[in-house]
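Trainee: Below you will find the structure I want to go over with you.
The values are calculated or read from the model by the stated rules, or taken from the named source; none is laboratory data. Nothing here was measured: the structure is a model prediction, and the numbers come from that model. Positions of Cβ are backbone-derived with ideal geometry, glycine not excepted, and every protein chain shown enters the neighbour counts. These accessible areas exclude ligands, DNA and RNA; they are computed on the full protein's heavy atoms, side chains included. Shrake-Rupley method; radii C 1.70, N 1.55, O 1.52, S 1.80 Å.
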Amino acid sequence: MLNTAAYIRRETLVSMVINTVLSYAFFLGVFGRGGDVPVWGMGAYVFDFGPQSFMIGLMATLVPGALAGKARRAGKVAAWAGASRLPKGLVPRAVLVALGSVALGVGGSALVVTLLGVQSLPYTAALTAKLVFGAALALLVTPPGLKAALR
């Protein structure tokens, strides 16, 4: 049987890698391969944090949570002994985390670009920030989702 804390660390790392790669792919799909990235407006940089945050929050909770529940039921990983404030149900938990992620992603990105006073970002800076955000959000949401799934 796997140590619960080690399992959570491993699955969080996997989630971070997957969400960074997906963030890269979607960034290329939305913003192409070069040029300044507009900050404000429909489909622009701040707006794009909405779908990115929602999908990372949803999938970094839903997929690892389903796998963790299966592993726990099969006796491959021990139950998490601590409490969780997240809903017990996998889908409500994932949707709640996804909605909170949108607030964090859009609100945080809007605050940062407002403080910077920019209307566009250099391509490399915009891409780097999106990749870091994708990994950081996965790091933030995956462990509590796994702990709730392993209760």
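Trainee: Only four residue types carry charge here, +1 at the Cβ of Lys and Arg and -1 at the Cβ of Asp and Glu. Report the dipole size of the range 1-101 about the Cα centre in Debye, rounded to the nearest 20.
Mentor: Numbers: 10 positive and 3 negative charges, 138 e Å.
Using only the charged Cβ atoms, the result is roughly 660 debye.
Trainee: If amide H atoms are built 1.01 Å from N in the plane of the peptide, which residues on other chains or at least 5 residues away come under 5 Å of the amide H of ALA44?
Mentor: none
Trainee: Only helical DSSP H runs with n ≥ 4 go in: add -39500 (n - 2.57) per run for the chain, normalise by residue count and round the 222 nm mean residue ellipticity to 500 deg cm²/dmol. Before the final figure, lay out the partial values.
Mentor: Working: 4 runs with 111 residues, N = 151.
Helices in the chain give a 222 nm mean residue ellipticity of -26500 deg cm²/dmol.
Trainee: Right, another one. Can you tell me, using C-alpha contacts under 8 Å and at least 6 residues apart, the relative contact order of the chain as a whole percent?
Mentor: Answer for the chain is 46 percent.
Trainee: I'd like to check one number: the per residue accessible area of the range 12-136, probe 1.4 Å, reported in Å² as a whole number. Intermediate values should be presented prior to the final figure.
Mentor: Numbers: 6750 Å² over 125 residues.
Per residue, the range 12-136 has an accessible area of 54 Å².
Trainee: Working out 0.36 nm times the residue gap between ARG85 and ASP36, then minus their Cα-Cα distance, what length gain in nm do you get to one decimal?
Mentor: 13.5 nm
Trainee: Sticking with this one: Between 0 and 90 degrees, rounded to the nearest ten: what's the tilt of helix 123-149 against the longest Cα principal axis of the chain?
Mentor: Its long axis makes an angle of about 20 degrees.
Trainee: For VAL37, which sequence-distant residues (separation of 5 or more, or a different chain) have an amide H within less than 5 Å of its own amide H, given hydrogens modelled in the peptide plane?
Mentor: LEU121, TYR123
Trainee: Lysine pairs, Cα distance under 25 Å, 8 or more residues apart or cross-chain: how many in the chain? Walk me through the numbers on the way to the answer.
Mentor: Working: LYS70/LYS88; LYS70/LYS147; LYS76/LYS88; LYS76/LYS147; LYS88/LYS147.
The number of close lysine pairs in the chain is 5.
Trainee: Compute the angle between helix 90-116 and the longest alpha-carbon principal axis of the chain, please, reported from 0 to 90 degrees and rounded to the nearest 10.
Mentor: On a 0 to 90 degree scale, this one is about 30.
Trainee: Taking the Cβ of ARG93 as the center, what net charge do the other residues with Cβ under 12 Å away carry, scoring Lys and Arg +1 and Asp and Glu -1?
Mentor: Details: positive: ARG85, LYS88, LYS147, ARG151; negative: none.
Taking every Cβ under 12 Å from that of ARG93, the sum is +4.
Trainee: Grab the eigenvalues of the alpha-carbon gyration tensor for the chain, scale each by 5, take roots, and send me the semi-axes largest first in whole angstrom. Mind showing how you got there, number by number?
Mentor: Details: eigenvalues 213, 42, 26 Å².
Equivalent-ellipsoid dimensions as semi-axes: 33, 15, 11 Å.
Trainee: Give me the distance in nm between label points sitting 7 Å out from Cα along the Cα-to-Cβ direction at THR124 and ALA78, one decimal.
Mentor: My value for the distance between the label points is 4.7 nm.
Trainee: Could you bin all the Cα-Cα distances of the range 1-80 into 10 Å bins starting at 0 and give me the percent of pairs in each, rounded to whole numbers?
Mentor: Answer for the range 1-80: a P(r) of 17, 37, 24, 15, 8, 0 percent.
Trainee: Sort 83-92, 31-40, 137-146 for me by packing, meaning the mean count of neighbouring Cβ atoms within 10 Å per residue, highest on top.
Mentor: Values: 83-92: 13.2, 31-40: 14.9, 137-146: 23.4.
Final packing ranking: 137-146, 31-40, 83-92.
Trainee: If you roll a 1.4 Å probe over the chain with all protein chains in place, what percent of the accessible area is carbon or sulfur?
Mentor: On the way: 5780 of 7950 Å².
The nonpolar share, carbon plus sulfur, comes to 73 percent.
Trainee: Would you grab the residues whose amide H sits under 5 Å from the one on LEU2? Only those 5+ places off in sequence or on another chain, please, with H modelled 1.01 Å from N.
Mentor: Amide H to amide H, under 5 Å and 5 or more residues apart or across chains, LEU2 pairs with VAL77, ALA78.
Trainee: Could you run the Karplus curve 6.51 cos²θ - 1.76 cosθ + 1.60 with θ = phi - 60° over the range 38-44 and give me ³J(HN,Hα) per residue in whole Hz, x for Gly and Pro?
Mentor: x, 8, 10, x, 4, x, 7
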